[in-house]
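The structure appears below as structure tokens.
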Amino acid sequence: MAYLATADCPIAGKTFFVHGGSVHLFQPYTIVDKISVDHRWTVDELAAAAAKWGDVTWEQKLTLD
């Protein structure tokens with residue numbers, strides 16, 4: 001992926017997975033929600049607070065070949 005280091009590379013700053021002859025583009029990560037406490041989480045606390053994320057789905061904007 002030396003191409004990413006070239007001065008005029010228009011795709012620098014993106015995240016890729018490269019394996020053999022394939023290069024995959026990751027969709028950027030975006031924070032969409034937050035849970036927090038003012039102490040170290042316990043397993044039970046985190047399980048209860050994060051349960052609402054179990055049904056979250058993401059819309060794919062690009063199609064893969």
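The values are calculated or read from the model by the stated rules, or taken from the named source; none is laboratory data. Fair warning: this is a prediction, and the values are worked out from it, not measured in the lab. With ideal geometry, Cβ positions are generated from the backbone for all residues, glycine too; neighbour counts draw on all protein chains shown. In case anyone asks, the SASA skips ligands and DNA or RNA and just uses the protein heavy atoms, side chains included. Shrake-Rupley method; radii C 1.70, N 1.55, O 1.52, S 1.80 Å.
So if each residue of separation counts as 0.36 nm, and I subtract the Cα-Cα distance between A5 and A50, what length gain in nm does that give?
This chain segment gains 12.3 nm when fully extended.
How many Å² of accessible area per residue for the chain, probe 1.4 Å?
On the way: 6340 Å² over 65 residues.
Computed with neighbouring chains in place, this is 97 Å² per residue.
Which of (1) 3, 10, 16, 15, 13, 11, 11, 10, 8, 2; (2) 4, 19, 23, 20, 15, 10, 7, 2, 0; (3) 3, 17, 20, 16, 14, 11, 9, 6, 3, 0 is the computed P(r) over Cα pairs in 5 Å bins from 0, in percent for the structure on display?
Evaluating P(r) over Cα pairs in 5 Å bins from 0, in percent on these atoms matches (1).
For the chain, what is the charge dipole size about the Cα centre, in debye to the nearest 20, if Lys and Arg each add +1 at the Cβ and Asp and Glu each add -1 at the Cβ?
The calculated dipole for the chain is roughly 140 debye.
At a threshold of 8 angstrom on Cα-Cα distance, excluding pairs fewer than six apart, so keeping six or more, what relative contact order does the chain reach in percent?
15
Pick out, from Y29, A49, T6, the residue whose Cα sits farthest towards the positive end of the charge dipole of the chain, with +1 on the Cβ of Lys and Arg and -1 on the Cβ of Asp and Glu.
Of the listed residues, the answer is T6.
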